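Worksheet: the structure to be examined is printed underneath.
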Amino acid sequence: QKEVEQNSGPLSVPEGAIASLNCTYSDRVSQSFFWYRQYSGKSPELIMSIYSNGDKEDGRFTAQLNKASQYVSLLIRDSQPSDSATYLCAVKKRSSNTGKLIFGQGTTLQVKP
Amino acid sequence: NAGVTQTPKFQVLKTGQSMTLQCAQDMNHNSMYWYRQDPGMGLRLIYYSASEGTTDKGEVPNGYNVSRLNKREFSLRLESAAPSQTSVYFCASSVAGEVYEQYFGPGTRLTVT
């Protein structure tokens, strides 16, 4: 079982719709969770971080964390073609006293005009 | 404020050649990381440096060495390049403490023939 799992997609949504990206993790004591966006040929760019159960909103993006279910998601409201990219989920274990993150393989999102 | 910078952007090596990838950050971050990204494999940690003067192995360290030259700079050396080291290499940095948000450089695309 991979430590951080994401559906590779592609996830295709029409412009203006809500895109829902999901990530599950295996280590129950994981502490911190991050979503990165990566455009083709570019480097990962941090979108959101979340540390506590519940929702965290930033503009059109909402991160949701459920530690009991070991599940973190990213919702993108009013999806735009410019949101088409690969979204990486990353997890930091509580047991790690360094900044080491475990990355999922990413979900490719396609927003169709 | 340039963030994380990497040189070179592209490099082609012959098998057995050596080279050093350079990384620098101007965000006063304590921790720095080297990743490689391959299709279908996601981001894999090669080496990291939790703080100036310390380095440690990540998931795929074989064939690589690192030097944390000072707080700003963290280099990755390939002593004898192999075709299996063809990849995109990313450097990242983060603060130390409870928040471990990592910020990535633009990457180096390396081809070993």
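List of remarks:
- Percent RCO, i.e. relative contact order, over chain B, from Cα pairs under 8 Å lying at least 6 residues apart: 36
- Rg to Rh quotient for the range A:16-113, alpha carbon positions, Kirkwood Rh: 0.97
- To put it simply, the accessible area of the protein assembly as shown at a 1.4 Å probe is 47 percent carbon and sulfur.
- Most fluctuating residue given options A:Ser12, A:Ser40, A:Ser26, as computed from a GNM of chain A linking Cα atoms under 10 Å: A:Ser40
- Dipole of chain B computed with +1 at Lys/Arg Cβ and -1 at Asp/Glu Cβ about the Cα centre; of B:Ser94, B:Val66, B:Gln25, farthest Cα towards the positive end is B:Val66.
- Size descriptor, Kirkwood hydrodynamic radius, that averages inverse alpha-carbon separations across the range A:1-54, Å: 13.5
- A versus B: buried accessible surface, summed, Å² (probe 1.4 Å, to nearest 100): 1600
- Here the translational diffusion coefficient of the protein assembly as shown follows from Stokes-Einstein with Rh set to the Kirkwood radius across Cα pairs; for 4 °C and 1.567 mPa s it amounts to 72 µm²/s.
- Heavy-atom accessible area ranking, 1.4 Å probe, most first, across A:Thr86, B:Thr108, A:Thr24: A:Thr24, A:Thr86, B:Thr108
- Over all Cα atoms in the range B:14-113, the spread is summed up by Rg and Dmax: 13.1, 42 Å.
- With a Förster radius of 30 Å applied to the beta-carbon distance between B:Thr54 and A:Glu3, the computed FRET efficiency rounds to 0.80.
- Surface accessible to a 1.4 Å probe, B:Leu76 within the full protein complex, Å²: 0
- GNM flexibility winner over chain B from B:Ala92, B:Ala24, B:Ala81 (Cα, springs under 10 Å): B:Ala81
- Exposed loop positions in chain B were taken to be GluC sites (Glu not before Pro) whose DSSP state is not H, G, I, E or B and which have at most 13 other beta-carbon atoms within 10 angstrom. Between these positions, the longest stretch is B:1-58.
- Counting charges near A:Ser84 (Lys, Arg +1; Asp, Glu -1) among other residues having Cβ under 15 Å from its Cβ returns a value of 0.
- Qualifying GluC sites (Glu not before Pro) in the range A:1-56, DSSP loop, other Cβ atoms within 10 Å at most 16: A:Glu3, A:Glu15
- Cross-link pairs A:Lys112/B:Lys14; B:Lys14/B:Lys57; A:Lys93/B:Lys14; A:Lys42/A:Lys112; A:Lys93/B:Lys71; A:Lys56/B:Lys9 - those with Cα-Cα distance over 32 Å: A:Lys112/B:Lys14; A:Lys93/B:Lys14; A:Lys56/B:Lys9
- Accessible area per residue, Å², the range B:1-42 with all protein chains present, probe 1.4 Å: 51
- Taking B:Met41, B:Met19 and ordering them by how much accessible surface each has at a 1.4 Å probe, largest first, produces B:Met41, B:Met19.
The values are calculated or read from the model by the stated rules, or taken from the named source; none is laboratory data. Predicted, not measured: the structure shown is a model, and the values here were computed from it. Using ideal geometry, Cβ is built from the backbone for each residue, glycine included, and neighbour counts are taken over all protein chains shown. With ligands, DNA and RNA removed, areas are computed over all heavy atoms of the protein, side chains included. Shrake-Rupley method; radii C 1.70, N 1.55, O 1.52, S 1.80 Å.
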